[in-house]
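The values are calculated or read from the model by the stated rules, or taken from the named source; none is laboratory data. Predicted model, so just to flag it, every value in this text is computed and none were measured. Ideal geometry is used to build each Cβ from the backbone, glycine not excepted, and the neighbour counts take in all protein chains shown. Each accessible area value is taken on the protein alone, full model and side chains, heavy atoms only, with ligands, DNA and RNA left out. Shrake-Rupley method; radii C 1.70, N 1.55, O 1.52, S 1.80 Å.
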Amino acid sequence: MSNFNKQLLKYIPGGAHTYSRGHDTFPKNAPQILKYGKGVKICDHKKKELIDFGMGLRSVNIGYSETEIDEAAFKGIKQGNNLTRPSFIELEAAKKFIKTIKKADMVKFGKNGSISVTAAVKLARAYTKKKIILRCSNHPFFSFDDWFIGSTVISRGIPNDIMKLTDTFEYNNIESLKSKIKKYKNQIACVVLEPATDQCPKYYDKTGCCNQSRCERNYYKNSHYLKEVQQLCNENNILFILDEMITGFRWHLGGAQELYGLNPDLSTFGKAMANGFSVSAVCGKKEIMELGSVVKKNQERVFLLSTTHGAEMGPLNAFIKTIDFIKKNKVIETNWKTGFEISSSINLLSKKYGLSKNFYISGPACSPVFSCLDNNLKNNLSFRTLFVQEMIKNGVLMPWISIAYRHKNKKIISKTLDAVDRSLFIYNKALNHGIKRYLKGPPIKPVFRKYN
Ligand SMILES: Cc1ncc(COP(=O)(O)O)c(C=O)c1O
């Protein structure tokens, strides 16, 4: 283990402040520690530059250290950053948010997604006076809080009584949700899911993605899986919560809820809201969100969210500027196009090596997902490690693909595709001759595991 990894593990449990940044989730040749990021490049302690597709765990939608946005953040900082009463910036950010996420009447900002999703769940329990939470099993993460972590394999430290209150259902399988609604009868407070990941909502009998440079299905007007979920929730007095941490400011400026024609009771945002600055949000219908106030007579308050740093002016001003930048530069449309160019070219390269069944990209072009399969066509972490290792060797850090505006640069795209070409050449050899001789370190490990 490198010296930096040892130091990181000595001072920080897990070796990073996010488990998915830890040394065990990257191949041995990944940069151990980083100095800075600029555009879509990152630089390590040896001054080695890499093109990055991790993009700050998907929090950077435009590019690292984007001048206009950084300057907006500095302006907020120079005005005092965190004052004793609400600031003008705080009010402006809230107005801007509500104008952008059209179905939301009110918003409360926080610093990270987990607390915003937990706040939505708490509101749902208070509003419906019911206890059970149904969360989608296909979506890997909603919050670091007990209601979610207790429903994963790493439930150590969470009381059984809490674990029993969260159950799961499957995405794009409406029968799975119906059966859980039947099981818990009138006890379900909310259904929580992401609008989409590599799977778009089932549309008539179509699943998966239409694989175009813009979504070609008329989800807005027609019926689909998420509208069915919404209707089931409405009929059963269950709150419909959409977690837009990843889809927000990526699928559509108004969130995936706008693209899919939905009207969630509550939704949550974070990640790319402020191009890497720490801002998250829980938003939704007035009658529910207002439970967090004490303005109505005899209405008991819900302790919705209250954080010392929730309204920091630097990040909120960065959020305001990010929205302006996205609109002015057509960032969403550009990211869809760039993602389409990259993913369709990668699929062609995979075809060139006869690997279409072993290595392919799926999911919407704005957020492509790559799959690494072995000779038995099973997802395989060793082959995933090999691909990421080879990409690093060729100058690209691609632990997953998070498209940002600055990826559109022709040289970046060409260098990325060249790295993919070389990496798939080795991938093919490893399939034919055994992976051991090509893998230079241990396979990466999943975050959700109990033991080393
Ligand atoms: C869908 C989803 N919800 C919530 C979260 C939690 O966000 P944060 O890491 O900002 O707490 C994540 C983080 O990866 C996420 O992907």
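Observations
- Meets criteria (crowded, with 17+ Cβ neighbours inside 10 Å, within 19 Å of SER278 (Cα to Cα) and either out of contact with any strand residue (DSSP E or B) (no Cβ under 9 Å at 6 or more places or on another chain) or not acidic (Asp, Glu) (or both)) for GLY15: no
- Residue match in the stretch 218-226 (condition: within 16 Å of the ligand (Cβ to nearest atom), closer than 21 Å to LYS122 by Cα and either in a loop (DSSP other than H, G, I, E, B) or open to solvent by less than 40 Å² (accessible area, probe 1.4 Å) (or both)): no
- Residue that is basic (Lys, Arg), in a helix (DSSP H, G or I) and open to solvent by 60 Å² or more (accessible area, probe 1.4 Å), where the choices are LYS108, LYS103, LYS96, LYS178: LYS178
- Considering the stretch 1-21, the residues that are in a loop (DSSP other than H, G, I, E, B) and aliphatic (A, V, I, L, M) include one that is nearest to the ligand (Cβ to nearest atom), namely ALA16.
- Residue within the stretch 224-232 that is farther than 20 Å from ASN173 by Cα and of a type outside the set (Val, Ile, Thr) present: no
- ASN211 being on the phi > 0 side of the Ramachandran plot, outside any strand (DSSP E or B), away from the ligand (no atom under 16 Å from the Cβ) and at pLDDT below 95: yes
- Among the numbered conditions (1) at pLDDT 95 or above; (2) surrounded by 13 or more Cβ atoms within 10 Å (Cβ to Cβ), the only one that GLY22 does not meet is (1).
- Number of positions in the stretch 416-439 that are over 21 Å from MET398 (Cβ atoms) and either outside any loop (DSSP other than H, G, I, E, B) or open to solvent by less than 60 Å² (accessible area, probe 1.4 Å) (or both): 3
- Some residue of the stretch 300-311 being assigned to a helix (DSSP H, G or I), of a type outside the set (Val, Ile, Thr) and either modelled with pLDDT of 95 or more or within 23 Å of the chain's Cα centre (by Cα) (or both): no
- As a summary of the residue check, SER278 satisfies the conditions (1) crowded, with 23+ Cβ neighbours inside 10 Å; (2) in a loop (DSSP other than H, G, I, E, B); (3) hydroxyl-bearing (Ser, Thr, Tyr) except for the one numbered (1).
- Search result, residues across the stretch 233-252 that are closer than 14 Å to PRO264 by Cα and assigned to a strand (DSSP E or B): LEU239, PHE240, ILE241, LEU242, ASP243, GLY248
- Counted residues, the stretch 391-415 - those being open to solvent by 10 Å² or more (accessible area, probe 1.4 Å), part of a helix (DSSP H, G or I) and under 13 Å from ASP52 (Cβ atoms): 3
- Exactly one residue among PRO446, PRO442 is modelled with pLDDT under 95 and either open to solvent by 50 Å² or more (accessible area, probe 1.4 Å) or under 30 Å from MET273 (Cα atoms) (or both), and that residue is PRO446.
- Residues of the stretch 140-173 classified as assigned to a loop (DSSP other than H, G, I, E, B), open to solvent by 60 Å² or more (accessible area, probe 1.4 Å) and more than 16 Å from the ligand (Cβ to nearest atom), total: 6
- Considered as a group, the residues in the stretch 113-139 that are of a type in the set (S, T, N, Q) and open to solvent by less than 60 Å² (accessible area, probe 1.4 Å) include one that is farthest from the ligand (Cβ to nearest atom), and that residue is THR128.
- Given (1) closer than 26 Å to LEU304 by Cβ; (2) more than 13 Å from the ligand (Cβ to nearest atom), index of the condition GLY270 fails: (2)
- For the stretch 66-81, the set of residues classified as over 21 Å from GLU333 (Cα atoms), open to solvent by less than 60 Å² (accessible area, probe 1.4 Å) and outside any helix (DSSP H, G or I) consists of GLY80, ASN81, listed by residue number.
Results for (1) free of Cβ contacts under 8 Å to residues at least 40 places away in the same chain; (2) farther than 23 Å from PHE387 by Cβ, shown as yes or no for each residue.
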| residue | (1), (2) |
| --- | --- |
| LYS10 | yes, yes |
| SER20 | no, no |
| PRO27 | no, no |
| PRO31 | no, no |
| GLY37 | yes, no |
| CYS43 | yes, no |
| LEU50 | no, no |
| ALA73 | no, yes |
